Each structure stands twice: as C-alpha cells, then as structure tokens.
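Undergrad: Questions regarding the structure given below will be posed in turn.
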Amino acid sequence: MIRKLYIGLCAMAALLVSCSDVEFDAAQYSEPVRNLKADYQNGSRKVTLTWDNPAMSGQSGIQIVKDNVDVTNIDEVLSSYFIRKAPTNVDVAYTVKARYADGRVSEGQTVRFNIAYEAKKGNGVAMLVANDYSVSDDEKDAVAWFEQNYVEKGLGTIVTPATIEQLDIEDHAVCWVMCDRIGLELGWDKLPGGLADTETVDALKAFANDGGSLLLTNHATQLTVAVGRIPDAYAPRIFGSGEGGQNPDVWGSQPVIGNAEGQIYDHSQHPVYAGMNYTAGLYERSIYCFEGAGIKGDHNCMWDLNSYNLAANPNVVKAWEEMTNSSVIGTWNHVVDYCCAGIIDFAPTTTFPGRIVAVGLASYEWNIGGENQYKDQLELFTGNCISYLK
C-alpha cells in the first residue's frame, strides 16, 4: 500500500515538473497610435482627427471607432481623418487603433468632445444627380446648364450618391435633385443610380431637417415621400417613363387653378415665374411655356388630387393644401379644374423646416432632340426656383 502511494506521488511530481518545463509564446506586442487630437472650430461640424502612427513595422491600416459602436477600417496607413459632419450637441468619443498586416489590432487611443452647434445655412447650391446620370440626355443637359451657371461661377456643386457627403447645410442652402429617365418604374425606391440608397435619402432628410431647401424635378418628386414630407399614401401617381415621340405642341405650366364655377387660385405672380412670358392664346388660358415642338417624353410624375379621397373643402386643391401645408402653383397646360398638381410649393413646417418645390410636369424637359424655342424660359424658371428656395 505504501509502495503504491509512493509511486503515485512520484508520478504526480514528474507531471508537475514536465508542465513547468513548457514555454508559451508571448503574444506579439501591438504598438498603438499616440497623440490623438481632434481639431475643429467652435460651431462647426467639420472635425479633423490627427495622430502619430507606431514606429514599429508591419502596420497596414487604421481602425476608427465612434462611441464604441460604429467601426471604420481603413486599409492605408494614415495620420489624419476628416469628419465632415461630426455629431453635435452631444458627448462623442472617437477611438483610433493601429491595424497590422498579420491581423493584429492595437489598443486604442480615444478623444472626446461635444460641439455646441446651431445650423447655419451656406449660400451655395448643390445639384444631386444619379451616379449614372450621363445615360439620360435630359439629365446631361440639365447638369451642363448647372455647371455653366453655378459651378463655374463658384456658386454650386455637383453631387452624386457616391459623393453625397459633400451635401452640407454649412455650404449649401438649396439642393436640386434631378432625375428624368426612360423605362423607370413607379416608386421612389426605384430611382436609379443610388438616388434611392439609404445614405442618399438620409443625407437629403438631414439637409432638409437642418433647414435646407429642396428642388425636386421630374421623377425626383417622389422623394417628397422618401424624406418624410408627405406619407406614402399621398405619393405622386400620375407617372410616365416611356420613350415618347415627335410632338408639335407647346407644353408648359398653367398657374391658374380652378374653373369659373368655383374658387380660382391664381399663382401667375408666384416668384418661380418671375420674368417669364405669360403666353396668351394657348389652350383655354395663358400659360408659361417650357418647350416647343420636338421629341418629348411623356414623363409626368405628379399628383392626381382626385385619387386620394380628399373631402372637398371647398375643393380637392384646397383640401390638399390645408392637409400638406402647401400651394399648388402649376398644373398641366389644358387643365382648368381641380385635379392635377404639377408644381407644388411645400412650405416649411415645425417638424420639417426645409421648403420643397416639386416640379412633376412632363413639360419640364431639358432635351427634346433639337433646338427648344422656349429653352430660355425653362432656364429662367429653374433659376427662379433656386433663387426662391434660397
């Protein structure tokens, strides 16, 4: 019995000795970044983070963590990071870590700040178009005009969903969103080239909530729903995206809403029509002209006010305006009753301080396959809309 106990103790001792002889490889040290700073001016959301990178070799990138939640991995060794729109009026923490080629991530260094901020509108104008806008002749022509009259004069910026971070209330007072496509399906979520992306819609919504104004033309009028200005139940439903064809008629906007038996809403003196030629002898009333004879796409994206079950008060136009805090300032050429809302001026509200002008008439067309005798009127109207929204 004693012999067995002795043998057992010896075995245990041997085991302990063998275990103590094992050497574990120490984890490689991951040197962190140092001297992290946040540089910004009081009242501005633009923040630049700067730091010193590790001296040791093997670093392959940077990891930036916001409030321990949002993680950005950068596959490049940088020593600064620009935040165009940092959170404001709230405590925020940014942590920077060094990433190494073998997968290691260092401990982080953190900087905290709270920016006291009040939104201040800039004076510039942004034009947002789809990433693939060049496939549309109408969008290309509109962009060319905007570049000549705003970008080249230092007054505007072309923005796409790929560069949506450039849309900033501190730089821009107005954002014009242009989309006019053949073959498009109904619904704002069907808008092409990134216009329906969450990042794009969120940026437009934030811009409007900061007090920025939106000019939405053609198929982009559907964004009134996406940004939350009106419910989906009241989205524009008069919609077209066909190839169109040759048409000899003059098309434009009728600013006088209503028939002789009812209340008349005359918006012919609205600022968006300032300086335009009020052409008589066309249809039943005078109209403002946008395009003459040419190849036209019947691309309406507007509202049929008879389709929303609105109680006449005293008519559907008045009911719509009261429900949405807006004014119907243009309809189709020949329409003289309470029906089609082709141009709507959505006034600011307490919860939605940005003004919106939505132009959904098919007559608002930038390319008709040749010379447009009313091109100057179309351009003047567009400039008026931008000036009015500023």
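The values are calculated or read from the model by the stated rules, or taken from the named source; none is laboratory data. In this text, all values refer to a predicted model and were calculated from it rather than measured experimentally. Here the Cβ positions follow ideal geometry from the backbone for every residue, glycine too, while neighbour counts run over all protein chains shown. Accessible surface is based on the protein model in full, side chains and every heavy atom, while ligands, DNA and RNA are left aside. Shrake-Rupley method; radii C 1.70, N 1.55, O 1.52, S 1.80 Å.
Undergrad: Under 6 Å by Cβ, and 6 or more places apart or on different chains, what pairs join a residue from region 242-268 that is under 23 Å from TYR374 (Cα atoms) and of a type in the set (Asp, Glu) with one that is modelled with pLDDT of 95 or more and open to solvent by 30 Å² or more (accessible area, probe 1.4 Å)?
TA: From region 242-268, the pairs are GLU243/ILE182.
Undergrad: Would you pick out the residues in region 114-144 that are farther than 17 Å from ALA162 by Cβ, in a loop (DSSP other than H, G, I, E, B) and open to solvent by 60 Å² or more (accessible area, probe 1.4 Å)?
TA: Hits for region 114-144 are ASN114, ALA116, GLU118, LYS120, LYS121, ASN123.
Undergrad: Just need a number here: residues in region 93-122 that are under 30 Å from THR221 (Cα atoms) and either modelled with pLDDT of 95 or more or in contact with a Phe, Trp or Tyr (Cβ under 7 Å, 6 or more places away or on another chain) (or both).
TA: Matching residues across region 93-122 total 0.
Undergrad: Any residue in region 117-131 that's under 16 Å from GLN148 (Cα atoms): show its pairings with residues that are open to solvent by 10 Å² or more (accessible area, probe 1.4 Å) and acidic (Asp, Glu) at Cβ separation under 7 Å, as long as the two are six or more apart or on different chains.
TA: Taking only residues 6 or more apart or on different chains, the pairs are GLY124/ASP171.
Undergrad: Just for region 339-378: of the residues that are of a type outside the set (Gly, Ala, Ser) and surrounded by fewer than 16 Cβ atoms within 10 Å (Cβ to Cβ), which one is nearest to VAL135 (Cα to Cα)?
TA: Step one: list which residues in region 339-378 are of a type outside the set (Gly, Ala, Ser), which gives 339-340, 343-346, 348-353, 355-357, 359, 361, 364-368, 371-378.
Then keep just the ones that are surrounded by fewer than 16 Cβ atoms within 10 Å (Cβ to Cβ); that gives 348-351, 353, 371, 373, 376.
Values: PRO348: 34, THR349: 36, THR350: 39, THR351: 37, PRO353: 34, GLU371: 20, GLN373: 24, ASP376: 24 Å.
Restricting to residues being of a type outside the set (Gly, Ala, Ser) and surrounded by fewer than 16 Cβ atoms within 10 Å (Cβ to Cβ), the top hit is GLU371.
Undergrad: Determine whether region 231-238 contains at least one residue that is without any contact (Cβ under 8 Å) to a residue 60 or more places away in the chain, surrounded by fewer than 18 Cβ atoms within 10 Å (Cβ to Cβ) and part of a strand (DSSP E or B). If you could, list the steps in order and put the result at the bottom.
TA: Residues of region 231-238 that are without any contact (Cβ under 8 Å) to a residue 60 or more places away in the chain, as a first pass: 231-232, 235.
Applying the additional criterion that residues be surrounded by fewer than 18 Cβ atoms within 10 Å (Cβ to Cβ) yields 231-232.
Imposing the further condition that a residue be part of a strand (DSSP E or B) reduces the set to none.
Scanning region 231-238 turns up no residue that is without any contact (Cβ under 8 Å) to a residue 60 or more places away in the chain, surrounded by fewer than 18 Cβ atoms within 10 Å (Cβ to Cβ) and part of a strand (DSSP E or B).
Undergrad: Another question, then. Testing ASN333 on (1) within 30 Å of the chain's Cα centre (by Cα); (2) of a type in the set (S, T, N, Q); (3) under 25 Å from GLU243 (Cβ atoms), one condition comes back false. Which one is that?
TA: Here ASN333 meets the rest and fails (1).
Undergrad: Take the residues in region 77-92 that are surrounded by 15 or more Cβ atoms within 10 Å (Cβ to Cβ) and not in a loop (DSSP other than H, G, I, E, B), then tell me which one is modelled with the highest pLDDT.
TA: By that ranking, first place goes to TYR81.
Undergrad: Condition (residue is within 30 Å of THR160 (Cβ to Cβ), of a type in the set (Gly, Ala, Ser) and touching a residue at least 12 places away in the same chain (Cβ under 8 Å)) applied to region 34-43: is it met by at least one residue?
TA: Taking every residue of region 34-43 in turn, at least one turns out to be within 30 Å of THR160 (Cβ to Cβ), of a type in the set (Gly, Ala, Ser) and touching a residue at least 12 places away in the same chain (Cβ under 8 Å).
Undergrad: Considering each residue of region 57-108, count those that are of a type in the set (Gly, Ala, Ser), within 26 Å of ASN42 (Cβ to Cβ) and more than 28 Å from the chain's Cα centre (by Cα), and give that number.
TA: 1
Undergrad: What number of residues within region 152-173 are crowded, with 16+ Cβ neighbours inside 10 Å and more than 23 Å from GLY354 (Cα to Cα)?
TA: Final tally of qualifying residues: 0.
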